[in-house]
1. Has the range 153-165 got at least one residue that is under 19 Å from residue 84 (Cβ atoms), over 15 Å from the mean Cα position of the chain (by Cα) and not in a helix (DSSP H, G or I)?
2. Inside the range 40-66, can you point out the residues that are under 12 Å from residue 116 (Cα atoms), in a helix (DSSP H, G or I) and touching a helix residue (DSSP H, G or I) at 6+ places or on another chain (Cβ under 9 Å)?
3. Just wondering, is there one or more residues in the range 104-119 that are crowded, with 21+ Cβ neighbours inside 10 Å and closer than 21 Å to residue 177 by Cβ?
4. Looking at (1) modelled with pLDDT of 95 or more; (2) surrounded by 15 or more Cβ atoms within 10 Å (Cβ to Cβ); (3) within 25 Å of residue 151 (Cα to Cα), which is the one condition that is false for residue 78?
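The values are calculated or read from the model by the stated rules, or taken from the named source; none is laboratory data. Note that the structure is a prediction, hence the values are computed from the model and not measured. So basically every Cβ, Gly included, is an ideal-geometry build from the backbone, and we count neighbours across all protein chains shown.
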């Protein structure tokens, strides 16, 4: 094994440690606690080492968000039961999305709330974001020929519900009923 391969492996490991430390700090104390200085202390490297890997805090959040999308997409796909009717598939995906938002609040925040530098619906959109969107679009496309636009509305609806409930603006006890209404809205052929 060459010196360059070892250096690249060490660099990738430092990057993984930075991302893992950011996730842990955010989960434990919120994203306000995630600073370059605090991350450097956590991984026992100097701040310049962090800057050699990530331009700024937003880039670290972006890396955390990419991990989140790599988890959310497969979770959405896995939520749809093999023999699920099309309406049930929409309900499964909606429920899985909301569960993800509530079970991983810091990760969800990195993915959808905080500045991350990630962009959707562009030529340079990372594949993992496209795959996650595709997991939602698969269940919508059964009902709508303009599946991309309708999926954006579906996603916006789920995100709005997640944020309103996460911040106590709507009652958590009625999540199931709201999901049923979402299914009624999006499981109608146009």
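1. Initially, the range 153-165 is screened for residues under 19 Å from residue 84 (Cβ atoms), giving 154, 158.
With the extra rule that they be over 15 Å from the mean Cα position of the chain (by Cα), the set shrinks to 154.
Pick out the ones that are also not in a helix (DSSP H, G or I) and you get none.
No - not one qualifying residue is present in the range 153-165.
2. Pass one, the range 40-66, residues under 12 Å from residue 116 (Cα atoms): 54-66.
Filter once more, keeping what is in a helix (DSSP H, G or I): 57-66.
Correct list: 57, 59, 60, 61, 62, 63, 64, 65, 66.
3. Scanning the range 104-119 turns up no residue that is crowded, with 21+ Cβ neighbours inside 10 Å and closer than 21 Å to residue 177 by Cβ.
4. Residue 78 satisfies all of (1) modelled with pLDDT of 95 or more; (2) surrounded by 15 or more Cβ atoms within 10 Å (Cβ to Cβ); (3) within 25 Å of residue 151 (Cα to Cα) except (2).
Results for (1) without any contact (Cβ under 8 Å) to a residue 40 or more places away in the chain; (2) more than 17 Å from the chain's Cα centre (by Cα), shown as yes or no for each residue.
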{"position": "9", "(1), (2)": "yes, yes"}
{"position": "18", "(1), (2)": "no, yes"}
{"position": "21", "(1), (2)": "yes, yes"}
{"position": "52", "(1), (2)": "yes, yes"}
{"position": "84", "(1), (2)": "yes, yes"}
{"position": "114", "(1), (2)": "no, no"}
